[in-house]
Amino acid sequence: MSLLEASLIALAGVAAGTINTVVGSGTLITFPTLLAFGIPPVTANVSNSIGLVPGSVTGAIGYRRELRGQRARILHLASASGAGGLLGGLLLLWQPGAFEAVVPALILLGLVLVVAGPRISAWVARRHEATGGLPARGAWWVWPLMFACGIYGGYFGAAQGVLMMAVLGIGVDEALQRLNGLKNVLAALVNGVSGVLFAVFADVDWLVVALIGVGAVVGGILGASIGRRLPAPLLRAFIVVVGLTALITLLT
């Protein structure tokens with residue numbers, strides 16, 4: 001690997017770490033970059049997943065203020081994300097091409113839910129008024145859907161943050177920025193669990209992991225600084241723009 005290639009991979013890690021913290025779709029920057037430099041797809045995927053873990057952690061730390069008071073919710077949903085990430089990683093090792101056909105559809109569904117989120121969440125809240133409102137942990141269906149998001153994230157991860165924010169924004173009665181902090185913790189867990197699996201059983205390019213990891217740490221810090229300042233409507237719009245970009249990238 002030349003110095004230029006190494007530098008570009010590290011810069012892609014910075015961009016991916018930033019976008020993942022604000023929204024979640026950084027894989028669509030790093031993964032194509034690795035493919036362009038001739039790294040085999042599965043090796044690129046697993047190396048990218050491991051490399052982005054440090055950035056997810058720094059992004060979550062950057063949102064620590066928004067995470068206050070969410071301990072019980074984090075522990076509840078962490079079991080879903082962790083188990084889903086493990087299953088998604090196993091699926092990648094077993095069937096590398098299983099999700100190719102459904103990834104664009106999942107991203108499109110996530111975008112529709114993000115746009116319609118306020119109306120849907122208001123409807124959900126009205127449905128729960130008779131029983132005292134939504135539980136602090138979220139509606140009952142949030143756990144299984146976050147488990148599904150974990151499977152998707154452990155397998156590939158492109159725009160998993162978009163899907164997570166769609167589910168959390170509808171099923172959990174909380175401010176969008178606080179949900180974004182929660183999303184960063186759960187995404188870090190998904191990437192971490194699947195990353196451990198890949199480190200043991202997959203063909204990993206550790207130089208790529210190191211380059212993306214260093215870049216992603218910087219990106220996670222930048223993303224937390226930027227994302228926490230965005231008003232809810234602007235953050236929602238940014239999620240949609242990034243998600244549409246991801247959809248177009250995957251379809252072309």
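The values are calculated or read from the model by the stated rules, or taken from the named source; none is laboratory data. Bear in mind that the values here come from a model prediction, so they are computed numbers and not experimental data. Here Cβ is always computed from backbone atoms with ideal geometry, including for glycine, and neighbour counts include all displayed protein chains. Side chains included, ligands, DNA and RNA excluded: accessible areas come from the protein's heavy atoms. Shrake-Rupley method; radii C 1.70, N 1.55, O 1.52, S 1.80 Å.
Sites count as exposed loop sites when they are trypsin sites (Lys or Arg not before Pro), lie in a DSSP loop, and have at most 10 other Cβ atoms within 10 angstrom; the longest stretch of the chain without one is 69-228. Its Cα centre serving as origin, the stretch 132-229 has a Cβ charge dipole (Lys and Arg +1, Asp and Glu -1) of approximately 340 debye.
Each of P54, G171, I226 was placed along the dipole of the chain (beta-carbon charges, centred on the mean Cα), and the one lying farthest toward the positive end is G171. For the chain, which whole-number percentage of the solvent-accessible area (1.4 Å probe, protein heavy atoms only) is attributable to carbon and sulfur atoms? The value for the chain is 70 percent carbon and sulfur by accessible area.
May I ask which residue of G154, V42, A116 lies farthest towards the positive end of the charge dipole of the chain, with charges of +1 (Lys, Arg) and -1 (Asp, Glu) on Cβ and the Cα centre as origin? Of the candidates, A116 comes out farthest on the positive side.
The length gained by stretching the chain between I226 and F238 to full extension, at 0.36 nm per residue less their Cα-Cα distance, is 3.1 nm.
The dipole here belongs to the chain: it is taken about the Cα centre, uses +1 on the Cβ of Lys and Arg and -1 on the Cβ of Asp and Glu, and is about 1000 debye. Taking only the C-alpha atoms of the chain, Rg followed by Dmax gives 17.1, 64 Å. Counting only Cα atoms, the size of the stretch 179-238 along its three principal axes is 42, 20, 16 Å, in decreasing order. For the stretch 1-17 versus the stretch 23-44, the spacing of their alpha-carbon centroids is 11 Å.
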